[in-house]
Amino acid sequence: MFAALIILPLIGSAVTWLIPYDRLRPKVLAFFACVHFGITLRMLIYTPSESPGGWFHLDALGKIVLLSTSILFMTCAFYSIGYLFYRRERSNRLLCVGVLVCLAAASMVTITHHLGLMWVALETTTISMAPLIYFNRNARSIEATWKYLLICSVGVALALIGIYFLAYATIVAKVEPSLLLDDLMRDAGKLSSGWVHAAFVFLLVGFGTKMGLAPLHTWKPDAYGEAPGLVGALLSGGLVNLAFLALMRIYQLSLATKEIIFFQNALIVMGLFSMVVAAIFMAKQADFKRMLAYSSVEHVGIMAVAIGIGGRAILGALFHLLANSLTKGVLFLASGNIHRSYNSKNTDHVRGALRRLPWSGGLFLAGFIAITGSPPFAPFISEFTIISSAFIQGRMLIGAIFLISLMIIFIGMALTVLPMVMGEVPPESEATSYSDTVWTVGPPLFLLLLVFILGVWIPAPLMALLRDASALLEVH
Amino acid sequence: MISLADQFLVLVLLINFISLGTSRLIFSIRAVAVQGVILGILPGLIHPFSWHLVAITLVIVTVKGFVIPQLLGRAVRSAEIKREAEPFLGYVPTLLLGALFTALSFGFAGRLPMLPEHQNYMFVPASIATLMSGFLILTTRRKAISQVIGYLVLENGIFIFGLLLAEAMPVMVEAGALLDLLVGTFVMGIVINQISREFSSLDTSLLTSLKEE
């Protein structure tokens, strides 16, 4: 089971590499993504037992991230059939191969309990996404790719030294040298606090960079802004969650040491700072994809604050992980359509999207309403859980900064989104061949439907899964 | 053999200073290649002989000593640049900072508990000093090539630390990390070539069109 989850996408990437036809490739991509989703569902229902040696172990946390990743990749793969039809001017070989390699590596991150292997898989996701950000082959996208590749690689490299410090701590403490999460958690009390503290600092900076927590977020607006909407969706809904999963693994470990208070406080500070930074830069953002990037900075901030607070907020954070991933999918895919239609992502040119593209414009508007935490969508539930938990625990200041940032972000985002979708199409707007089709509208619509359903009704198995996962992160 | 390893580590530290202080890109690439070869030899000095060790040494020497430098050298030649002309921070201040960081890493390592058999050797301080030097090169240089060199030096620092962990790090993971480094540098090499085509230079400070107003 574990092997199939990783090997099938890799086979898929080899097949797409060999296919000489641009038209066929996205369909093969969609096929393999569907197979991957099928395996994921099966693994969620019939959980495979831990692999011998404990390297692979699908626990509740891994399940949530695997589920959200698989849904998002599958939807984006279907979207690519419609989207790439409008991008026939260049070969889509690298894009399709990159997505499948990334899917394989992403699955690896979710199922492994070996920190070293998790690092290797995480770095693979970073590298495999680089050619996708450079899909447009122009000066702006090369700049974005360079920043993304360098900052994320250095960040993840710092996380590696953190992992090495942990390994050395086990050697110094004369316990069984290991990088398996379960071994480390068992022996955490015996590890030297100096090494563990240093390790946590490096791990926080490293995975924080990959996740895009302020002030380590500088690559994000560029990468999300210049990448095709499809790639933006995979980055903001998929890769972000993998980095968050890595942070949660470290959190699990810190629960067993004295470092938990330090780690929680650091997460709260970085999370709130991310929200404030997002609130500042969101206002007057003339580029709607960059605006979405700052929204991503905001939402990783929300998740970081939530696990920093602890208690019921952890449940909120895990549900937010799922909700944010699906909603970001809606927004980025719809923004990709709008970008295609207007051939611009500047809000001075993009006006009246509801008139020109009733479906994509409507989806973008609905996505905006959902992501800013309005009912009846899923992010409302998760954000409400987090805020109420902050106030119940008496963390008034945190709750207040959280609420004020959300409010400013709502206003800032509305100032960009509303003129975009409302009003008249500017007469000088150039005509393009793009029009909404089932293939480009269906996938984001499907995601929006999920966001809506999760906003009004959480299925019992999912709720049980969320509870199991949050139990893994609670202080005992 | 371990004292020999220590002398090699001194050499590694010297190469850090060479990369920090030189403006000639090809020279800097060669220096880092030598550093890579030294890193390849080090495992052989501290672990007993095995075929498995020979294989690791060969892979590391080939990748770090030849493949990656070759790739970077090609990028430099195709972009027709020879020097890092105007770093963000001058060479003398960078060297001084490098010296400061090296001193600090010895201080840092001295405060952490170590195994008795590692106590008198410089693996930990050399690793952290190299990591910091790499970071310094990364942040003070303008040219994309220099930034990749900084990244390589940083990775070398991490690699030195990895030498202490033979029991804890399975070979497969070690190999995976090395492979990621190779592919990462390879992709960076490709991006560098694209930058030189797009901007006719490798100056990353020209990459400012995405600044926030």
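Every read-out reported here was derived from the displayed coordinates using simple, explicitly stated rules and does not represent laboratory data. Just so you know, these numbers come straight off a predicted model, no measurement behind them. FYI the Cβ positions are ideal-geometry reconstructions off the backbone, even for glycines, and counts take in every protein chain you see.
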Taking chain A as the reference, fit the longest principal axis to its C-alpha atoms, fit the long axis of helix A:378-392 to the helix C-alpha atoms, and give the angle between the two in degrees, 0 to 90, nearest 10.
40 degrees
Cα extents of the range B:15-57 along the three principal axes, largest first (Å)
41, 15, 7
Please quote Rg/Rh for the range A:2-472 to two decimal places, taking the Kirkwood radius as Rh and restricting both calculations to Cα atoms.
0.96
Would you mind pulling out the separation of the Cα centroids of the range B:95-134 and the range B:10-36, in Å?
18 Å
Once the Cα atoms of helix B:25-46 and of chain B are each reduced to a long axis, what angle between those two axes, in degrees from 0 to 90 to the nearest 10, is obtained?
20 degrees
Within 10 Å, Cβ to Cβ, of A:Ser141, how many net charges do the neighbouring residues add up to if Lys/Arg are +1 and Asp/Glu are -1?
-2
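Using only atoms on other chains, find how many Cβ atoms lie within 10 Å of each Cβ of peptide A:135-145 and report the average. Working shown, then result.
Working: counts 0, 0, 2, 1, 9, 4, 3, 8, 11, 3, 6.
The shielding value for this peptide is 4.
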What aspartates and glutamates could a cross-link reach from B:Lys143, if we take a straight Cα to Cα line under 17 Å and drop same-chain neighbours fewer than 8 places away?
A:Glu143, B:Glu80, B:Glu84, B:Glu86, B:Glu198, B:Asp203
What's the FRET efficiency of B:Gln7 with A:Ser344 using the Cβ-Cβ distance as r and R₀ = 35 Å, to the nearest 0.05?
0.05
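Taking the number of other C-beta atoms within 10 Å as the exposure measure, put A:Leu447, B:Leu131 in order starting with the fewest. Working shown, then result.
Working: A:Leu447 30, B:Leu131 26.
Result, fewest neighbours first: B:Leu131, A:Leu447.
What order do you get for B:Ser23, A:Ser13, B:Ser196, B:Ser78 when you list them from fewest to most C-beta neighbours inside 10 Å?
Numbers: B:Ser23 16, A:Ser13 23, B:Ser196 20, B:Ser78 13.
If I rank by nearby Cβ atoms, fewest first, I get B:Ser78, B:Ser23, B:Ser196, A:Ser13.
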Excluding same-chain pairs closer than 8 in sequence, count the lysine pairs in chain A whose Cα atoms lie under 13 Å apart.
8
Along the three principal axes, how long is the range A:84-184 when you take its alpha carbons, biggest first, rounded to the nearest angstrom?
60, 25, 12
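Among rounded, prolate and oblate, which fits the range B:1-131 when a ≥ b ≥ c are the square roots of the eigenvalues of its C-alpha gyration tensor, a/c under 1.5 means rounded, and a/b larger than b/c means prolate? Display every interim value, and only then the final one.
Values: a/c = 3.27, a/b = 1.24, b/c = 2.63.
Oblate is the answer for the range B:1-131, as a/c is 1.5 or above yet b/c matches or exceeds a/b.
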May I ask for the angle, rounded to the nearest 10°, between helix A:193-211 and the longest principal axis of chain A, with both axes built from Cα atoms and the value confined to 0 to 90°?
10 degrees
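Could you list the square roots of 5 times each eigenvalue of the Cα gyration tensor of the range A:320-476, that is, the equivalent ellipsoid semi-axes, sorted largest first and rounded to whole Å? Please report the intermediate quantities before stating the final value.
Details: eigenvalues 235, 74, 21 Å².
Calculated on Cα positions only, the semi-axes equal 34, 19, 10 Å.
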State the Cα centre-to-centre distance between the range A:182-214 and the range A:61-119 in whole Å.
27 Å
Formal net charge of residues neighbouring A:Ala130 (Cβ-Cβ distance under 14 Å; K, R +1; D, E -1):
-2
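How would you rank A:His349, A:His36, going from fewest to most other Cβ atoms within 10 Å of each one's own Cβ? Numbers along the way, then the final one.
On the way: A:His349 16, A:His36 27.
Going from sparsest to densest Cβ surroundings: A:His349, A:His36.
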